[in-house]
Amino acid sequence: MSAVRSQHRAAVVAGLGGALPEHVVTNHEIAARLDTTDEWIRTRTGIRERRRVAPGQSTVDLAEEAGRAALGPDGHADAVVLATSTADQLCPATAPQVAARLGLGTALALDVNAVCSGFVYALATAAGFIAGGMAERVLVIGADVFTSLVDPDDRTTVPIFGDGGGAVLLRAGEPGERGALGPFDLHSEGELAKLLWVEAGGAAQRVPENPKDRFMVMQGTAVFRQACARMAESSRAVLDQAGWMVGDVDRFVGHQANIRILQATAKQLGMPADAVVSNIDRVGNTSAASIPLALADAVADGTLTPGHRVLLTAFGAGLTWGSTVLTWPELS
Ligand code: UT7
């Protein structure tokens, strides 16, 4: 593949799938255990219930199920890019195990960790593989078992996070066709890393000095403000690069962190409330799985249909954030 030709290859969405654990955790169950109420959680976050993995079920299981659904029967991919910050092991990455379970032979496979922005980062990584001629069909998965990072005694994080997986299959195609991704806008700000932080478990502090150090600590209000500002800023940047006006966007699929964040961001952008796609009431914040799960639910309930112009935008720990656009394709 010549370099000139490869510059014209776009990554086109060709499959979509989601995976949720069966076990539902309601607000009432959380309120029975922690100092909170169903009413507080609903009104402050928009969440009614979330899913939690069964004992023995992990990120690789959710990634496999979502990936299989996106591949479809007889589907093939020559690369797997898996966005997760809750890999089954610290080493090796989870993606090669998922590729093996899906029967993808010796497919290129790697994990991408940009936490809740991971799926958009993984789409960009996969689009780069396709543009560079290194892959023809890439399975992009976002899967997280975030409940493994949540302190069961922390009322700030327990109500918010849930487990899930979502995936899209990308194939090489033409920039102008329906389903073609891009441009991308991606950023980070490591100076604010401690706003959402897990102290121990990595190389800096392998064994937690304090048992609670293996859990995520979140400065909720500061993260809320950053999420709204960065998703709005990135959305504007990507629309500008794409040559789209805000009014061109039919569906705004933002990271499902809090319904108030989605609504505030849409309002800042001047987007109508009915453009906002959300399934947060049923799944909570599923981190890297959030955007593909929202897409899968929106397609299933008819909210998202072929021809809709879609803006994807995400924000997460790191801090990281990013956006892309596409016109939704017909999927078989
Ligand atoms: O995926 C990216 C990462 N995460 C996010 O994007 C999450 C971003 N942050 C948020 O969604 C919100 O900040 C939260 C939902 C975490 C918190 O909502 P908030 O409106 O920012 O509430 P707050 O932290 O300002 O707390 C308001 C009050 C406080 O009480 P006082 O000081 O006013 O008496 C909190 O102690 O609500 C209290 N509070 C709770 N009350 C009942 C905090 N958590 C709870 C709770 N139940 N679960």
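Each residue of region 86-100 was assigned a 3J(HN,Hα) from its phi angle through the Karplus curve 6.51 cos²θ - 1.76 cosθ + 1.60 (θ = phi - 60°); the sequence is 10, 4, 4, 10, 5, 8, x, 5, 7, 4, x, 5, 5, 4, 5 Hz, with glycine and proline shown as x. Solvent-free Debye calculation, one equal scatterer per alpha-carbon of region 146-258: log10 I(q)/I(0) at 0.17, 0.19 Å⁻¹ equals -1.04, -1.15.
Pairs of alpha carbons in region 10-161 separated by more than 18 Å make up 60% of all such pairs. Calculated accessible area for the chain comes out at 42 Å² per residue, all protein chains present (probe 1.4 Å; ligands, DNA, RNA ignored).
For region 184-327, the relative contact order comes to 33 percent (Cα pairs under 8 Å, sequence separation of at least 6).
Going by alpha carbons, how many degrees (0 to 90, nearest 10) lie between the helix axis of 220-242 and the longest principal axis of the chain? Helix 220-242 sits roughly 10 degrees off the main axis of the chain. With 0.36 nm allotted per residue and the present C-alpha distance subtracted, the T305-A200 stretch has 33.5 nm of extension available. Structural size metrics of region 19-99, computed from C-alpha coordinates, are Rg and Dmax of 16.6, 49 Å.
For the options T84, T147, T303, a Gaussian network treatment of the chain with springs between C-alpha atoms closer than 10 Å singles out T303 as fluctuating the most.
Placing unit charges on the Cβ atoms of the charged side chains and taking the dipole of the chain about its Cα centre, the candidate lying farthest along the positive direction among W244, A296, G284 is W244.
Helix 259-269: angle to the longest alpha-carbon principal axis of the chain, degrees 0 to 90, nearest 10? Between helix and principal axis, roughly 50 degrees.
As an exercise, identify the trypsin sites (Lys or Arg not before Pro) in region 117-172 lying in DSSP coil whose Cβ has no more than 16 other Cβ atoms within 10 Å.
Listed in order of number, the matching sites are R155.
Taking amide hydrogens as placed 1.01 Å from N in the peptide plane, the amide H of A109 sits under 5 Å from those of V80, each at least 5 positions away in sequence or on another chain. Taking amide H atoms as placed 1.01 Å from N in the peptide plane, the amide H of A14 lies under 5 Å from those of L169, L170, R171, each 5 or more residues away in sequence or on another chain.
When the alpha carbon gyration tensor of the chain is reduced to an equivalent ellipsoid, its three semi-axes come out at 29, 23, 18 angstrom, largest first. Each residue of region 190-246 gets 105 Å³ once the volume of the Cα convex hull is shared out per residue.
Taking all Cα pairs closer than 8 Å and separated by 6 or more residues, the relative contact order of region 261-319 comes to 25 percent.
Between S332 and L192, the modelled labels are 4.4 nm apart [label points 7 Å from Cα along Cα→Cβ].
The alpha carbon centroids of region 65-119 and region 294-327 are separated by 20 Å.
Sorted on the mean count of surrounding Cβ atoms within 10 Å across their residues, most packed first, peptides 16-23, 279-286, 291-298 read 291-298, 279-286, 16-23.
A compact globular protein would have a Cα radius of gyration near 2.2 N^0.38 Å; the ratio found for region 78-165 is 1.19.
Consider a paramagnetic label point 7 Å from the Cα of D154 along Cα→Cβ; state which residues of region 13-32 have an amide N under 18 Å from it. Of the residues in region 13-32, 30-31 have backbone N under 18 Å from the label point off D154. With the full set of protein chains in place, find how many percent of the accessible area of region 1-117 is carbon and sulfur; take the probe as 1.4 Å. Reported share for carbon and sulfur atoms: 51 percent. Compared with the dominant principal axis of the Cα atoms in the chain, helix 290-300 is inclined by about 70°. Our summary gives the chain a relative contact order of 25 percent, counting only alpha carbon pairs under 8 angstrom and 6 or more residues apart. Using every pair of separate Cα atoms, the Kirkwood estimate puts the hydrodynamic radius of region 217-332 at 14.2 angstrom.
The values are calculated or read from the model by the stated rules, or taken from the named source; none is laboratory data. Remember, predicted model here, so these are calculated numbers, not experimental data. With ideal geometry, Cβ positions are generated from the backbone for all residues, glycine too; neighbour counts draw on all protein chains shown. Ligands, DNA and RNA are excluded from the accessible area calculation, which covers all protein heavy atoms including side chains. Shrake-Rupley method; radii C 1.70, N 1.55, O 1.52, S 1.80 Å.
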